Amino acid sequence: MRLIRSGDASNREKVFKRLDLFFLSALRSRLRLLALAMLLLAGCQSIPPKEAGNFRKPDLVEITRLDPSIRLDIRYATTNNFLHRPVYRQARAFLQRPAAEALARVNASLKSKGYGLLVFDGYRPWSVTKIFWDMASEEERKIGFVANPQKGSRHNRACAVDLSLYDLRTGSEVAMPGGYDEFSERAFPKYAGGSEKARATRDLLREAMEAEGFTVYESEWWHFDYRNWREYPILNVPFEALPEQP
Ligand SMILES: [Zn+2]
């Protein structure tokens, strides 16, 4: 009898424990939902940081309108990016006019060497920088793989461009020591590994860009900033609001 009662008690305890777990997990999933809703709400209400100072007047130019032989592979308009989902509604690339004109000169200078520019990203609206930050891991934030939206990304000022080269003869993207947006030591412009040819091609891109006033980012061989990037304000205009230029 005692045994039965004790069995009853332990069964009841198990049931209560199961119920506790059930309510706990229900509470947890509700809290997760709430957190997500708050994040989305905050995202909708977020605005770029206010910056003091005299900035140049923005003059965004669509790169391929200036030079149609510059090719685009806008990864953030596809699932082929670190978030595995598109964050741009349109596959377009813009830069401030002086940067875009300098880029066209770089492209022209590479023609005799058998290469053309392949652009992955140019101007990035601030709201997309905010999405990158919200979706990034703690480590990606810490090492600066994503820009803090409170400071804005250099891409928000439309003088930064992510790019590689394509072979004019085959039309194919060239091999570089590491891939675009690759989260490894191969991303460094001074990475000494990989094939000699890939390193030479990476260095050729850098030399051609530097000759026109661009500077490579110290931890990404594909990222270049145009000389006056600090003089432009952070922008938050989506691509679809930018006119198709003639
Ligand atoms: Zn970049």
Quiz item: Once you treat every alpha carbon in segment 105-228 as an equal point and sum by Debye, what is log10 I(q)/I(0) at q = 0.18, 0.19 Å⁻¹?
Solution: -0.99, -1.08
Self-check item: Too-long pairs where the Cα-Cα distance tops 19 Å, listed order kept, from LYS50/LYS130; LYS50/LYS151; LYS151/LYS190; LYS50/LYS142
Solution: LYS151/LYS190; LYS50/LYS142
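No lab work stands behind these numbers, since they all come straight from the coordinates. Computed from a prediction, not measured in an experiment: that's the story for all the values here.
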